Structure formats: C-alpha cells, structure tokens
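Written out below as structure tokens is the structure these notes cover.
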Amino acid sequence: MSSSHLALFSLQGKIAAVSGGTRGIGKAMAIALAEAGADIALLQRDLSNTEVRDEIRALGRKCEVLQLDIADPESCTKAIPAVLEAMGDLDILVNNAGIQKRHKAVDFPDEDFDLVMQCNLKSVWTLSQAAGRHMVKKGSGKIISTASLLSFQGGLTVPAYAAAKGGVANITKALSNEWASQGVNINAIAPGYIATDMNSALLQDDNRRRQIIERIPQGRFGNADDFKGAVVYLASNASNYVNGEVLVVDGGWMGR
Ligand code: NDP
C-alpha cells in the first residue's frame, strides 16, 4: 500500500470519544483509534478503572477517562459537554456501550425493557444529538454506533435488545439523511457472535457454542480485535462517502 493510501486511514490530530471502552469490543476500538493517531476520551461508569487509559497513554496519545452511565439519562446529557471541556473538541464519537437482558417474552419485566431501551438506544440518541450539534456547527465529524445482527433478526428471549438494536440501525439512517450534507458521517457496525463477556454464558455451553460455530461460514466466533479495521475505516477519511450504513462484521453469518 502506498503512503497516500495509508494517509486516508490516519486519525492524527483527531479527538475521539468511545463509550464502553473498558473491555470487549469497545476496548479494541478505542485502542485501534489511538493506534491510528487519535486522542481518546473514554466514557465509562467507573472512573477508577484506568487500565485502558494507561494502555492508550503508553501509545503516546492523550487519553482521559470521563463519566458516562448509559442507564442514567442525565449522565448521557452531560457526557459530550464534558468531552468538549476536557479535550477541547470532538471529531469522532463511538457509541459502543450496551447491555443485554434475556427473559421469555411472556415474563419480560417492564423495568428491564425500559433499561435495555435506555442503555442501547436512547443513550445513542442523546450522545449522537449532542455530538451532532457540535459536528454540524464545525462542518465535519464521524459518529459510529454498535448495532447487532439483532438489528435485522428477532433472536429468542431478547425482544427489548432486538427492538433497541433495530432502532440503532434505523436512527443511524435517519440522522445520516440530515447530516450527510453537513459533513457528518454517521454509520453503524453490526457484530455477529463475538467472544466477549456479553456471551460468557453461551461460550460456556459446549453444545450451543458448537452449533453456532457450525452455522458461521468462517467457522469461529469473532473476537474484539476483528473490529479494529472497521472502526478505523468508519472514523477516517477512507469512508467520507459512506452514510447511514450498517457494516456487518460477522464471519459471514448474515449471508448464509
Ligand atoms: P461487554 O459486555 O464485553 O462490554 C460492555 C461494555 O459496555 C463495557 O465496557 C461496560 O462497562 C459498558 N457498559 C455496560 N453498561 C454500562 C453502563 N450502564 N454505563 C456505561 N458503560 C456501560 O460487551 P461487548 O464488547 O460484547 O459489546 C459491545 C457492544 O457490541 C454492545 O453494544 C453490544 O450490544 C454489541 N454487540 C455485541 C455482540 C457480541 O456478540 N459480543 C454482538 C452484537 C452486538 P463496564 O466495564 O463498566 O461494565
């Protein structure tokens, strides 16, 4: 690859905010953005967890840990203003933090439905709106949200999660219709079955794990590092003509 091609993917001088960067997919994404040159604001609920911050600082990037509890609407409202104050600007927002609650539909508690919607969809809206206001004003920016295969499929025992992730895919398209002409690219990444804490029960169930692997054309669960390329692409100039897209990263599951 020539250096001009590599420059397309450079995030040198950019400032990115990543939610849920403490572990799993979000940690890999935050580190990838830093490796590509960005300074990082890690939005997380536990400010005392500085492990990823220290890893990013060791790469020579500026990195701050800032408060965000996606379950708390007020915390979501405060997050982007806090990033702008601490970092001075915002070029890239990654809405990654999320939760899953499993119950049969007939038993699904209302409070869990509301919590899943707040954490996985409403928080994405609140943060994207605040980031979008800033980015539209300056005429540039990249917003990337983590969707799911369940943005397209219903799953079993996850009605709230499927509704929320379907919402993430569609709000991405809705916002891109308004912001594409303002220099702001908003897109999503839909992971397939990924070996993170979110799937720990599934990974421990030998039968279920084997069935899933047999169904995945690539023959393995994804891992968090499989998201490094996708997030750098959507955060960089390489994707400047990509708007409202949901990039599926699933080892081929959707195509089968
Ligand atoms: P993990 O469970 O490994 O990590 C979840 C992350 O979200 C952690 O950083 C966690 O922080 C953070 N988080 C959870 N609740 C809150 C909260 N209330 N406030 C702030 N942060 C919070 O999940 P994954 O890495 O697997 O998932 C990342 C994203 O990818 C999620 O949106 C998920 O829905 C999506 N996804 C994952 C798939 C998979 O197979 N793993 C498949 C499809 C989509 P803390 O360390 O503080 O708990």
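Since every read-out is calculated from the coordinates, none of them should be taken as a lab result. This one's a predicted model, so the numbers in the text were calculated from it and none came from an experiment. All Cβ positions, even for glycine, are placed from backbone atoms using ideal geometry, and neighbour counts span all protein chains on display.
The table that follows gives values for the structure above.
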quantity: Residues with amide H under 5 Å from that of Leu43, placed H, sequence gap 5 or more; calculated: Val18, Ser19, Gly20, Gly21, Leu66
quantity: Cα-based helix-to-principal-axis angle, 73-87 vs the chain, degrees rounded to 10; calculated: 30 degrees
quantity: Rounded if a/c under 1.5, otherwise prolate or oblate - the stretch 1-128, Cα gyration tensor axes; calculated: prolate
quantity: Relative contact order [Cα under 8 Å, 6+ residues apart], the stretch 123-176, whole percent; calculated: 32 percent
quantity: Rounded, prolate or oblate (a/c below 1.5 giving rounded, otherwise prolate when a/b exceeds b/c) for the stretch 117-251 by Cα gyration tensor; calculated: prolate
quantity: Gln129/Lys104 FRET efficiency (R0 35 Å; Cβ-Cβ; nearest 0.05); calculated: 0.55
quantity: Dipole magnitude (debye, nearest 20) for the chain, charges at Cβ of Lys, Arg, Asp, Glu; calculated: 540 debye
quantity: Size-normalised alpha-carbon gyration radius of the chain, reference 2.2 N^0.38 Å; calculated: 0.97
quantity: Efficiency of FRET between Met254 and Arg45 - r from beta-carbon atoms, R0 35 angstrom, step 0.05; calculated: 0.65
quantity: Peptide ranges 213-224, 103-114 listed from the most packed, as the mean C-beta count within 10 angstrom indicates; calculated: 213-224, 103-114
quantity: Within a Gaussian network of the chain (alpha carbon springs, distance under 10 Å), most fluctuating of Arg61, Arg45, Arg209; calculated: Arg209
quantity: Shape category assigned to the stretch 95-180 from the gyration tensor of Cα positions, a/c cut at 1.5; calculated: prolate
quantity: Computed lengthening from Asn207 to Glu35, 0.36 nm per intervening residue step minus Cα-Cα distance; calculated: 58.2 nm
quantity: 0 to 90° range, to nearest 10: angle between helix 24-35 axis and the chain longest Cα axis; calculated: 20 degrees
quantity: Cβ-based net charge around Gln153, under 14 Å, with every Lys or Arg adding one and every Asp or Glu removing one; calculated: +2
quantity: Radius 11 Å from Cβ of Ser236, net charge of other residues (Lys, Arg +1; Asp, Glu -1); calculated: +1
quantity: Mean separation of Cα contacts under 8 Å, 6 or more apart, over the residue count of the chain: relative contact order %; calculated: 20 percent
quantity: Cα-based reach from Lys228 at 29 Å (exclusive), listing lysines while leaving out same-chain residues under 8 positions away; calculated: Lys14, Lys27, Lys62, Lys78, Lys101, Lys122, Lys137, Lys138, Lys142, Lys165, Lys173
quantity: Whole-angstrom gap from the stretch 26-80 to the stretch 165-180, using each part's C-alpha centre; calculated: 24 Å
quantity: Residue of Met87, Met29, Met198 that the Gaussian network model of the chain assigns the largest fluctuation, springs spanning Cα pairs under 10 Å; calculated: Met198
